[in-house]
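Okay, so here's the structure we're looking at.
Any read-out appearing in this document is the output of simple, stated calculations on the displayed coordinates, not a laboratory observation. As the structure is a prediction and not an experimental result, all values here were calculated from the model. Every residue, glycine as well, gets a Cβ built from its backbone with ideal geometry; the counts of neighbours run over all protein chains shown.
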Amino acid sequence: MAISIAQTPFAFTKPQLGSFRSENQLPVPVFGQNSRHPCFTQTRTLGRFLAPAVASQSSTVDVPEKVNEGDPPPTYERRVADSWRKYHGEDNWAGLLEPLDPILRIELLVYGEMAQFTYDAFDYDPYSKYCGSCRFPPSQFFKGLSSIDIGYEVERYLYATSNISLPNFFKKSFSADVWNRNANYMGYIAVSNDELSKKLGRRDIVVVWRGTITELEWVADLTDFQKPISENGIPCPDPSVKVEAGFVNLYTDKEDGDPFCKLSAREQMINQLKEIIPRYPNEELSITVTGHSLGGALTVLSAYDIVESGLHVMGDGRRIPVCGFTFAGPRVGNLKFKERLEDQLGVKILRVVNVHDKVPQCPGAILNENTPAFLFNMLQSIPWAYTHVGVKIELDHKDSPYLKPSINLGDFHNLETHLHLLDGYQGKGNFKTTFNRDIALVNKSCGFLKDELLVPPSWKQPENKGLILTEDGRWVQPERPPLPHHIEP
């Protein structure tokens with residue numbers, strides 16, 4: 001069954017996708033200046049992220065389910081609202097990956113963009129006294145980035161202390177008058193508003209963790225040494241459940257007396273979730289955690305922690321589904337951690353990786369899930385044996401005709417590269433853009449696009465590097481409003 005444009009409340013098109021014909025089809029949404037994202041509010045446009053497309057009234061995309069004769073046409077809204085648990089991993093995304101389900105593709109692109117927001121909003125400039133902070137206050141976070149209504153509202157920023165053994169990850173200012181000497185902005189917690197919640201079929205609580213865009217030096221800081229997860233205050237009845245020490249320290253360390261990290265990133269997240277969840281006692285809720293790179297490791301850790309700590313259990317006993325979407329994430333723990341997370345707690349993790357990216361191959365480069373099973377099981381007591389968790393979507397940047405040959409590992413790791421590949425993924429070895437996502441975004445912080453596309457490398461920079469011209473003709477760094485620190489325990 002094909003759905004016409006007139007049957008939906010959104011503008012749709014299908015750029016450069018060829019002709020699909022089947023009994024059950026859905027239109028592809030326009031991701032352009034005047035488009036409406038079917039999973040966001042009707043005022044939500046994605047022109048900031050995806051290129052305008054040439055409208056085609058007959059464009060459609062296949063969807064797997066049948067539609068009963070006489071039923072109303074299945075819009076994206078209805079499909080998400082009716083089947084959100086499936087796209088949230090209820091059945092480990094069975095039947096949705098090969099070929100990649102169109103709605104799951106949208107979900108992954110949306111949460112990937114939310115992870116990308118942490119980079120776009122982060123102040124990397126060591127010449128700025130605000131280096132290491134977020135450039136916008138929470139109330140202006142999404143508007144500051146894109147001037148659009150995304151359908152989510154930021155509840156709280158998350159911070160981590162930089163005084164741990166990951167010096168290549170944290171950014172610090174040269175200024176003596178720095179905004180904070182101990183903290184770095186690490187992400188945010190957002191909640192879907194009423195309008196979007198109605199479209200999604202539930203109230204979506206999203207925890208987003210920052211990682212690193214292209215720099216891989218932090219990988220060298222990893223000790224590869226495991227420690228019981230319970231040693232850092234995360235409840236776990238089994239002391240043999242172990243995770244990489246640097247990841248769990250980043251998640252749980254704090255700095256006494258500092259207004260931004262006197263509570264650990266973990267405690268900040270837990271306190272905020274405890275405040276949010278009771279607000280909606282009569283609603284369906286979901287908790288979605290997402291992050292790229294090191295943020296992917298924090299995604300796995302925090303999703304595990306939310307369920308292990310029982311935060312997902314509501315007052316009436318209902319259990320909130322908890323799902324993690326990671327992009328280019330490393331391994332986090334040992335086999336016991338995987339078994340505890342997947343089999344006993346039922347946490348759902350979907351990993352998006354580029355096969356040429358080295359970060360997902362760490363830690364545990366020698367002993368991992370690819371080691372012969374008899375040897376891997378025999379060496380589980382060794383603290384350098386790691387295994388990935390969850391389900392994997394494996395992308396290959398060599399499939400894209402837009403990317404040039406490169407030996408820069410940062411290009412392979414870039415989140416925008418992953419989102420570009422995700423847009424074009426049509427199965428292993430096949431690439432054809434689905435939503436015509438703007439390819440210029442790939443070069444936002446790298447130079448991976450072919451030169452003939454005429455997109456300059458690393459083109460995304462603050463205007464005048466953040467300086468403004470005063471009335472007396474001087475270039476100065478403007479003051480920013482104070483950032484809110486976390487709530488008290």
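Quick look at the values:
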quantity: Centroid-to-centroid separation of the range 110-134 and the range 404-482 [C-alpha atoms, Å]; calculated: 13 Å
quantity: GluC sites (Glu not before Pro) within the range 320-384: DSSP coil, no more than 15 neighbouring Cβ in 10 Å; calculated: 369
quantity: The range 287-381: C-alpha gyration tensor shape, a/c 1.5 cut-off, then a/b vs b/c; calculated: oblate
quantity: Cross-link partners of residue 336 among lysines (Cα-Cα below 21 Å; sequence separation of 8 or more within a chain); calculated: 227, 242, 348, 392
quantity: Cα gyration tensor category, rounded, prolate or oblate, for the range 381-489 with a/c compared to 1.5; calculated: oblate
quantity: Cβ-derived FRET efficiency at R0 51 Å, residue 374 paired with residue 470, nearest 0.05; calculated: 0.15
quantity: Under 12 Å, Cβ to Cβ, from residue 264 - net charge with Lys/Arg +1 and Asp/Glu -1; calculated: -3
quantity: Stokes-Einstein translational diffusion, the range 82-215 - Kirkwood Rh over all Cα pairs, 0.890 mPa s, 25 °C, in µm²/s; calculated: 148 µm²/s
quantity: Shape category assigned to the range 326-387 from the gyration tensor of Cα positions, a/c cut at 1.5; calculated: oblate
quantity: Space enclosed by the convex hull of the alpha-carbon atoms of the range 436-489, per residue, Å³; calculated: 185 Å³
quantity: Coil-residue trypsin sites (Lys or Arg not before Pro) of the range 417-489, DSSP, other Cβ within 10 Å capped at 16; calculated: 428, 432, 450, 460, 474
quantity: At q = 0.09 Å⁻¹, base-10 log of I(q)/I(0) for the range 231-358 (Debye sum, equal scatterers on each alpha carbon); calculated: -0.27
quantity: Amide hydrogen neighbours beyond the local backbone of residue 187, cut-off 5 Å, H modeled; calculated: 158, 210
quantity: In Hz, Karplus ³J(HN,Hα) per residue of the range 292-299 (6.51, -1.76, 1.60; θ = phi - 60°; x = Gly, Pro); calculated: 10, 6, 4, x, x, 5, 5, 4
quantity: In range of the label at residue 428: residues from the range 350-385 whose backbone nitrogen is under 13 Å from the point 7 Å along Cα→Cβ; calculated: 355
